Ligand code: F0G
């Protein structure tokens, strides 16, 4: 087997790149599709996890960023800007380094996970913490990209969704067909829109027999698509999806309606329970927002919206290491022992 070359090279004929486009990549994509034994037992479905936390910067954003930065470089951009709840900024910062560009990021002050802040900083991004929420940051980033020589790499940049659609290709390639249902967390709503684009393309090309029903899940304190109106003060412990006015709102509704799917809300309590369960019972450490897909699946099966026996893929969007605070909260603290086998054995319950 040859080495994985990153999503643009792997799916070049399905992406808007020319033969001579030079690709800015960290060899993203090619992430594992892991059978979820425990969640399958619990739901009666055949469940797989698309583990996107194994991308180069620890989230699915890298798929879109390789495209966005590749095109920005091709168009001669020297600087990029994004608003972010953390992952987009981490990814933009890393890919900007690869392209030799400067990167500016706007994040909601005090509302992004420490690991993500660390990533943006270590990659040398110019970081501003904005006294506002993500939606305010995005509005500001859009204005700056209009008035100053800096390219916007949020998912309102169409190349981002083009890159992100490759995850749907990978899922269908791995399973030999599209699943019946695909579950995702929804924040700015770009990813669900991108997956739908990818699945639709594969179905239209006859590579997959059909496209899945798309199920998206927002945190209940930040669920504008569910309620049908923007949320002025979005709230949730899942800071990655703390978004009150998603940029791809209309596309997400199209994905839902065209696929016969649903967009629902899940409580923070259920997100946290799914997060703990993924780590403790599947061995997969994700960030809180990512667990919304699994919390939503469980809730949808209970509500009768997804039948037992269905083949379901849940995307878990980001790596748990980005935000260890929630892993440590509620965990028992480690016991300190002297260098003594007997004491260690009894502390471990072995003796
Ligand atoms: N999961 C994680 C870990 C995310 O970081 C995001 C979005 C989502 C899910 C939702 O995806 O926005 O395409 O609906 N994070 C963006 C960011 C907003 O700035 O990193 P979406």
For this session: Just need the relative contact order of segment 234-351 here, percent rounded to a whole number, with Cα pairs under 8 Å and 6+ apart.
Result: 19
Problem set entry | Residue order, fewest to most surrounding Cβ atoms within 10 angstrom, among 131, 173 | 131, 173
For this session: Return a whole-number percent for the relative contact order of the chain, with Cα pairs under 8 Å and 6 or more residues apart as the contact set.
Result: 18
Problem set entry | Rounded to 5, the percent of DSSP beta bridges in the chain classed as antiparallel | 15
Exercise. Gain in length, residue 303 to residue 334, computed as 0.36 nm per residue apart minus the alpha-carbon separation, to one decimal in nm?
Worked result: 7.2 nm
Seminar exercise, completed: When 253, 41, 282, 28 are arranged by how many other beta-carbons sit within 10 Å of their Cβ, fewest first, they go 41, 253, 282, 28
Exercise. Computed FRET efficiency, Cβ-Cβ of residue 114 and residue 34, R0 30 Å: what is it to the nearest 0.05?
Worked result: 0.70
Exercise. Tell me, what is the percent relative contact order of segment 61-157, built from C-alpha pairs under 8 Å that lie six or more residues apart?
Worked result: 34
Seminar exercise, completed: Checked segment 61-157 against the a/c 1.5 cut and the a/b vs b/c comparison, axes a ≥ b ≥ c from its Cα gyration tensor; verdict oblate
Exercise. Taking a ≥ b ≥ c as the square roots of the eigenvalues of the Cα gyration tensor of the chain, is the shape rounded (a/c under 1.5), prolate (a/b larger than b/c) or oblate?
Worked result: rounded
Problem set entry | Residue-averaged [θ]222 nm for the chain, counting only DSSP H segments that reach four residues, each worth -39500 (n - 2.57) | -11500 deg cm²/dmol
For this session: Mind giving me the nanometre distance, one decimal, between the label points for residue 177 and residue 210, set 7 Å out from Cα along Cα→Cβ?
Result: 0.9
Exercise. Counting other C-beta atoms within 10 Å, which of 302, 52 has the fewest, and how do the rest follow?
Worked result: 302, 52
Problem set entry | Label-point separation in nm, residue 258 to residue 5, each point 7 Å along Cα→Cβ | 2.9
Problem set entry | Spatial separation of Cα centroids for segment 68-132 and segment 242-296, in angstrom | 24
Exercise. Let a ≥ b ≥ c be the square roots of the eigenvalues of the Cα gyration tensor of segment 201-351; is it rounded (a/c under 1.5), or, if not, prolate (a/b larger than b/c) or oblate?
Worked result: prolate
Seminar exercise, completed: Rounded to the nearest Å, the spacing of the alpha-carbon centers of segment 144-164 and segment 31-60 is 29
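Bear in mind that the values in this text are calculations on the coordinates, not laboratory data. These numbers were taken from a predicted model, which means no experiment stands behind them. Please note: Cβ atoms are built from the backbone with ideal geometry, for glycine as well, and neighbour counts cover all protein chains shown.
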